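The values are calculated or read from the model by the stated rules, or taken from the named source; none is laboratory data. None of the values given here were measured: they were computed from a predicted structure. FYI the Cβ positions are ideal-geometry reconstructions off the backbone, even for glycines, and counts take in every protein chain you see. Heads up: the accessible areas ignore ligands, DNA and RNA and are worked out on the full protein's heavy atoms, side chains in. Shrake-Rupley method; radii C 1.70, N 1.55, O 1.52, S 1.80 Å.
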Amino acid sequence: MRATIIHGAGDVRVETVPDPVILEPTDAIVRIVRACICGSDLHPFHNKPAGSDPRAIGHEFIGVVEDTGSAVRTVSRGDFVIAPFVWSDGTCEFCREGLFTSCLHGGDWGDENVGGGQGEATRVPQADGTLIPVPGITEDSDLLPSLLTLSDVYGTGYHAAITAGVRPGETVVVIGDGAVGLLAVLSAKQLGAEKIILMGRHEARTNLGREFGATDVVSARGEEGIAQVRELSGGHGAHRVLEAVGFLPAYEQALGVVRPGGAISRVGVPQYVEAPAGRVLFRPNVTLTGGVAPVRKYIDTLLPLVLDGTVDPGRVFDMTVSIEDVPSGYVAMDERRALKVLVKP
């Protein structure tokens, strides 16, 4: 079969690899119907050392179950399924608490003998705890892009809003106009935020952010951007700040726009080792939260909204490529010519 392999920074290839097989009775084999490229995939695309071990890449996919191990009970051959961006057993103490990303028996797509999401098929360990079946969905459904967002970006944006504690009537700032940031806007709107200020500078993206619920857009950065946000928020700053970028200037911007007693939720993967977290948070009683989103926890809440058409998060996809053209999709996202790339194997 064909799959996407990353060899080093800027070196993404589509190669022929062995077909996945059942290795454990808890496994399933899923034929991938749709996948995509994530903003976090760009980090190894920028930084993976040349000469390091090649690795299957891609962690967002939906598909059809082709085979199951003897112990699998919750999905069957032919089921249409959503795969969250990590696999988990669903039964360990952390899974029972809803923290599937810390599963004691889980792991990441691309791990040894597992495979990645940007391919024709993959082995799914711990299928019962990982896969979410969606009855009635066919491979030509118009809902496929939106269903795909439930594997990561929609759940991650929702995680930002939930962990920050967004409540009705509040002012929320979303930093970043990537797919996660835009779906954080949508999530804040769903949770009742009254004013949602999106900080981004790509007009096509911020226009979509307005359609998702942003009431204001601030394109300026640094002190100028902070000043504009504070003016829009009555001078005191925002109750909740959702940081969906992952770079230090974005975090520093979050510190500048949060009000005393507010909260900052970081869901952009931090690309820095150290950041201010002492008195700058302590004295104004600012809460710092966020982290890796346990998206499986949120799918039961968000899936019905996708199925009934209440929301259309799949609008974040603005480019579609075949599996053979996945490398060009990476370049398009890296060059900001695409917001989020859909992969159709």
If you build the Cα gyration tensor of segment 87-171 and take the root of 5 times each eigenvalue, what three semi-axes come out, in whole angstrom, biggest first?
25, 21, 12
Please list Asp177, Asp300 in order of solvent-accessible area, largest first, computed with a 1.4 Å probe with all protein chains present.
Asp300, Asp177
Helix 203-212 axis, angle to the chain major axis (alpha carbon atoms, nearest 10°)
90
Applied in sequence order to segment 127-144, the curve 6.51 cos²θ - 1.76 cosθ + 1.60 (Karplus, θ = phi - 60°) yields integer Hz couplings, x standing for Gly and Pro, of 4, 4, x, 9, 7, 10, x, 10, x, x, 8, 9, 6, 10, 5, 5, 7, 4
If I fit a long axis through the Cα atoms of helix 153-164 and take the longest principal axis of the Cα atoms of the chain, what angle between them do I get, 0 to 90°, rounded to 10?
40
What chymotrypsin sites (Phe, Trp or Tyr not before Pro) in segment 269-345 are in a loop by DSSP, with at most 15 other Cβ atoms within 10 Å of the Cβ?
Tyr272
Given unit charges at Cβ for Lys, Arg (+) and Asp, Glu (-), the dipole magnitude of the chain about its Cα centre in debye, nearest 20, is 1080
Among 257-264, 223-230, what's the highest-first ranking by average C-beta atoms within 10 angstrom per residue?
257-264, 223-230
Mean accessible surface per residue for segment 49-110, computed with a 1.4 Å probe while every protein chain stays in place, in Å²
46
Result: in the chain the number of Lys pairs with C-alpha under 25 Å apart, spaced 8 or more or on different chains, is 4
Paramagnetic reach from His7 in segment 78-118 [backbone N under 17 Å; point 7 Å along Cα→Cβ]
none
Over segment 1-132, what is the mean sequence separation of C-alpha contacts under 8 Å (at least six apart), divided by residue count, expressed as relative contact order in percent?
32
Just read off the accessible area of Ser88 with the full protein assembly in place, 1.4 Å probe, to the nearest 10 Å².
0
Identify, among Ile57, Leu144, Val173, the residue whose Cα sits farthest towards the positive end of the charge dipole of the chain, taking +1 on the Cβ of Lys and Arg and -1 on the Cβ of Asp and Glu, with the dipole about the Cα centre.
Val173
Angle between the Cα long axis of helix 296-307 and the longest principal axis of the chain, 0 to 90 degrees, nearest 10?
90
With every protein chain in place, what's the accessible area of Lys297 (1.4 Å probe, Å², nearest 10)?
100
Spatial separation of Cα centroids for segment 120-172 and segment 255-334, in angstrom
13
Solvent-accessible area per residue for segment 125-206 at a 1.4 Å probe radius, Å²?
31
The answer for Val173, listing residues at least 5 apart or on another chain whose modeled amide H is closer than 5 Å to its amide H, is Ile197, Arg240, Val241, Leu242
Estimated Rh, the chain: Kirkwood, alpha-carbon pairs, angstrom:
20.4
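Based solely on its DSSP helices, what 222 nm [θ] is calculated for the chain when runs of n ≥ 4 H residues each add -39,500 (n - 2.57) and the sum is averaged over all residues, nearest 500 deg cm²/dmol?
-8000 deg cm²/dmol
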Would you mind pulling out the separation of the Cα centroids of segment 37-88 and segment 98-113, in Å?
11
Accessible area in square angstrom per residue, segment 286-345, 1.4 angstrom probe:
45
Of all accessible surface on the chain at a 1.4 Å probe, what whole percent is carbon and sulfur?
49
What accessible area, in Å² to the nearest ten, does a 1.4 Å probe give for Leu281?
20
Each residue of segment 35-49 in turn: what ³J(HN,Hα) in whole Hz from Karplus with 6.51, -1.76, 1.60 and θ = phi - 60°, glycine and Pro shown as x?
9, 7, 9, 9, x, 6, 5, 6, 5, x, 4, 8, 10, 4, x
